Amino acid sequence: LCYTPMIHAGIAAKSEAYLRQTFTTRASDSPVVVQLAAHDPDAAERTAEGAARVAAESGNSVAYFDLNLGCPQKIARKGRYGAFLLESDVDAAARVVERL
């Protein structure tokens, strides 16, 4: 089981360079779990698609996506993800989960 570092979907959805810098994999990394910090379903979906593409280029695939709903850090409040998203906008969290 191989987890990625936390990938900020709002940034990764706009920057292929950020995604490739944050997420690298190789065929022996299996299964791969992509951890996402997200509140926007569109950004989460684009990031998931990009991560799946990066994994496939390395002969791998993504087993599942893990939406961060537990991070208590202040940066999570500012970015609207982690525990703060679950506390303040459970509907947004549900929309992201539904989209993924």
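Scoring Ala44 on the criteria (1) under 22 Å from Ala92 (Cβ atoms); (2) open to solvent by 30 Å² or more (accessible area, probe 1.4 Å) leaves a single failure, condition (2).
Can you pull out every residue in region 48-67 that is of a type in the set (S, T, N, Q) and either more than 25 Å from Ala17 (Cα to Cα) or open to solvent by 70 Å² or more (accessible area, probe 1.4 Å) (or both)? Result: Ser61, single match. Checked against (1) open to solvent by less than 20 Å² (accessible area, probe 1.4 Å); (2) at positive phi, Val96 passes all but condition (2). I'd like to know if region 25-37 contains one or more residues that are crowded, with 18+ Cβ neighbours inside 10 Å, hydroxyl-bearing (Ser, Thr, Tyr) and over 9 Å from the mean Cα position of the chain (by Cα). Looking for residues that are crowded, with 18+ Cβ neighbours inside 10 Å, hydroxyl-bearing (Ser, Thr, Tyr) and over 9 Å from the mean Cα position of the chain (by Cα), one finds at least one in region 25-37, hence yes. Identify all residues within region 9-19 that are surrounded by 14 or more Cβ atoms within 10 Å (Cβ to Cβ) and part of a helix (DSSP H, G or I); write none if there are none. Those that are surrounded by 14 or more Cβ atoms within 10 Å (Cβ to Cβ) and part of a helix (DSSP H, G or I): Ala9, Gly10, Ile11, Ala12, Tyr18, Leu19. For residues that are in contact with a helix residue (DSSP H, G or I) (Cβ under 9 Å, 6 or more places away or on another chain) and of a type outside the set (Val, Ile, Thr), scanning just region 16-34, find the one that is farthest from Val96 (Cα to Cα). My answer is Asp29. Might you let me know whether region 68-80 holds any residue that is touching a residue at least 40 places away in the same chain (Cβ under 8 Å) and open to solvent by 80 Å² or more (accessible area, probe 1.4 Å)? Among the residues of region 68-80, at least one is touching a residue at least 40 places away in the same chain (Cβ under 8 Å) and open to solvent by 80 Å² or more (accessible area, probe 1.4 Å), which makes the answer yes. Close contacts from region 1-29, counting a first residue that is closer than 22 Å to Asp40 by Cα and without any contact (Cβ under 8 Å) to a residue 60 or more places away in the chain and a second that is polar (S, T, N, Q) and part of a loop (DSSP other than H, G, I, E, B), with Cβ to Cβ under 7 Å and a gap of 6+ residues or different chains, come to Phe23/Thr4.
The values are calculated or read from the model by the stated rules, or taken from the named source; none is laboratory data. What you are looking at is a predicted structure, and each value in this text was computed from that prediction instead of being measured. We place every Cβ from the backbone using ideal geometry, glycine too, and count neighbours over all the protein chains shown. For the accessible areas, the whole protein counts, side chains as well, though only heavy atoms, and no ligand, DNA or RNA atoms are used. Shrake-Rupley method; radii C 1.70, N 1.55, O 1.52, S 1.80 Å.
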